[in-house]
Ligand code: NAD
Ligand code: UDP
């Protein structure tokens, strides 16, 4: 009989990152409870897991309280739309998911004495005035702008996590995830990686917001998962927040060139004036803390990660 190591809840388990996390934790011999309401995720991402006796799908909205009878050891709280286009369409709901949803998952963790890992984000730094961003930088978020539902929602979720540590003695880990990409990103969710790869594969024009001088640093999903799992496994007196991302930084313009080259596409670039309000102009993680505390750093190059992603989208198209 196979030894099952832990009972683990993954909220947002049918999403891009969550489904890869379910794969990995299942492969490591754990029992997984995947909680998702399929608002931005897809059953296709987890269809290969549905027959496993160690995988349970719970179709549930985390804004509602969740009760699980089996003893839970760990909770990865990922449920939340991540694409700016998507979450700005449902801003009030996005706040609810981050605040009420996180509160519900902290309550579930408390009931079970489980460790909870909160998927926070580089967006807590807003449009940063410090570069690269380290965890000591407190950020520059516009609380009334269209990104605030996500940025302030995630900031409040961090607040709740640290109040549960202080007041309820819960073991909570907070990771601040920087732009992550890979197979199973939703084809139409509007993020730059999926948009550019799909446009290039179709031979369509790549639409660059503004002049493309804004920067992002892209982390391949497998690298991110190693960081998340390492953080979950750290001693109970380290809670973060800790940045997880790839410090290799590109302008969006250069990134478009990379995608065109790697897809061997004839696509051209077009600069549009629909510059996104409060769009961070420079984003790059300082990962010194992750290196020191988790002995973690990304190992997968943009070329290698993009090749995997391009193959995936070729299949989808
Ligand atoms: P995603 O949209 O692919 O996945 C989110 C999942 O959560 C989806 O399956 C969705 O259906 C589910 N979900 C949303 N609201 C829910 C609710 N109320 N109840 C239950 N399930 C719900 O996004 P992703 O890129 O996989 O992001 C996962 C997490 O990582 C998010 O919390 C996001 O904020 C965080 N994050 C991602 C990135 C990135 O670059 N991908 C960067 C920073 C932070
Ligand atoms: N972007 C772009 N064209 C697109 C999609 C995004 O130029 O089709 C830009 C966007 O304005 C932002 C950056 O790419 O400056 C990253 O956007 P994304 O939606 O991936 O996520 P963000 O990092 O802003 O959360």
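The values are calculated or read from the model by the stated rules, or taken from the named source; none is laboratory data. Please read all numbers here as calculations on a predicted model, not as lab measurements. Note that each Cβ is placed from the backbone with ideal geometry, even for glycine, and that neighbours are counted across all protein chains shown.
Does the stretch 96-110 contain at least one residue that is under 15 Å from residue 179 (Cβ atoms) and in contact (Cβ under 8 Å) with a residue 24 or more places away in the chain? Among the residues of the stretch 96-110, not one is under 15 Å from residue 179 (Cβ atoms) and in contact (Cβ under 8 Å) with a residue 24 or more places away in the chain, which makes the answer no. Which residues, taken from the stretch 65-75, are assigned to a loop (DSSP other than H, G, I, E, B) and either closer than 19 Å to residue 186 by Cβ or touching a strand residue (DSSP E or B) at 6+ places or on another chain (Cβ under 7 Å) (or both)? 66, 68, 70, 71, 72, 73 - these are the residues of the stretch 65-75 that are assigned to a loop (DSSP other than H, G, I, E, B) and either closer than 19 Å to residue 186 by Cβ or touching a strand residue (DSSP E or B) at 6+ places or on another chain (Cβ under 7 Å) (or both). All but one of (1) in contact (Cβ under 8 Å) with a residue 60 or more places away in the chain; (2) out of contact with any helix residue (DSSP H, G or I) (no Cβ under 8 Å at 6 or more places or on another chain); (3) closer than 20 Å to residue 128 by Cα; (4) within 14 Å of ligand 2 (Cβ to nearest atom) hold for residue 286; which doesn't? The one condition residue 286 does not meet is (4). Annotation note: Cβ proximity below 6 Å between a residue of the stretch 37-50 that is touching a residue at least 60 places away in the same chain (Cβ under 8 Å) and over 17 Å from residue 24 (Cα atoms) and a residue that is within 13 Å of ligand 1 (Cβ to nearest atom) and not in a loop (DSSP other than H, G, I, E, B) (sequence gap 6+ or interchain) occurs for 40/86. If the condition is being more than 10 Å from ligand 2 (Cβ to nearest atom) and surrounded by 15 or more Cβ atoms within 10 Å (Cβ to Cβ), then the stretch 269-283 contributes only 282.
Could you please give the count of residues in the stretch 280-307 that are in a helix (DSSP H, G or I) and under 15 Å from residue 225 (Cβ atoms)? Break it down into steps so the answer makes sense when it comes.
Kept after step one, since they are in a helix (DSSP H, G or I), are these residues of the stretch 280-307: 288-294, 302-307.
Imposing the further condition that a residue be under 15 Å from residue 225 (Cβ atoms) reduces the set to 290, 294, 305.
So the answer is 3.
Among the strands (runs of 3 or more DSSP E) lying completely within the stretch 164-268, list those that include at least 1 residues that are more than 16 Å from residue 297 (Cα to Cα). Full working, then the answer.
Working: elements: 172-177, 206-209, 215-217, 242-244, 249-251.
Here the list reads 172-177, 206-209, 215-217, 249-251.
Could you check the stretch 76-96 and list, in sequence order, the residues that are within 22 Å of residue 184 (Cα to Cα) and either out of contact with any helix residue (DSSP H, G or I) (no Cβ under 9 Å at 6 or more places or on another chain) or not in a loop (DSSP other than H, G, I, E, B) (or both)? Hits for the stretch 76-96 are 76, 77, 84, 85, 86, 87, 88, 89, 94. Pairs are defined by a Cβ separation below 8 Å, a sequence spacing of at least 6 or placement on different chains, a first member in the stretch 1-19 that is at pLDDT below 95, and a second member that is outside any strand (DSSP E or B); the pairs so defined are 2/29; 3/29; 4/29; 4/30; 4/54; 5/28; 5/29; 5/30. Condition check for residue 232 on (1) farther than 17 Å from residue 22 by Cβ; (2) surrounded by 18 or more Cβ atoms within 10 Å (Cβ to Cβ): one failure, at (1).
Going by the conditions given, is residue 260 surrounded by 20 or more Cβ atoms within 10 Å (Cβ to Cβ) and modelled with pLDDT of 95 or more? For residue 260, the condition - surrounded by 20 or more Cβ atoms within 10 Å (Cβ to Cβ) and modelled with pLDDT of 95 or more - is not met.
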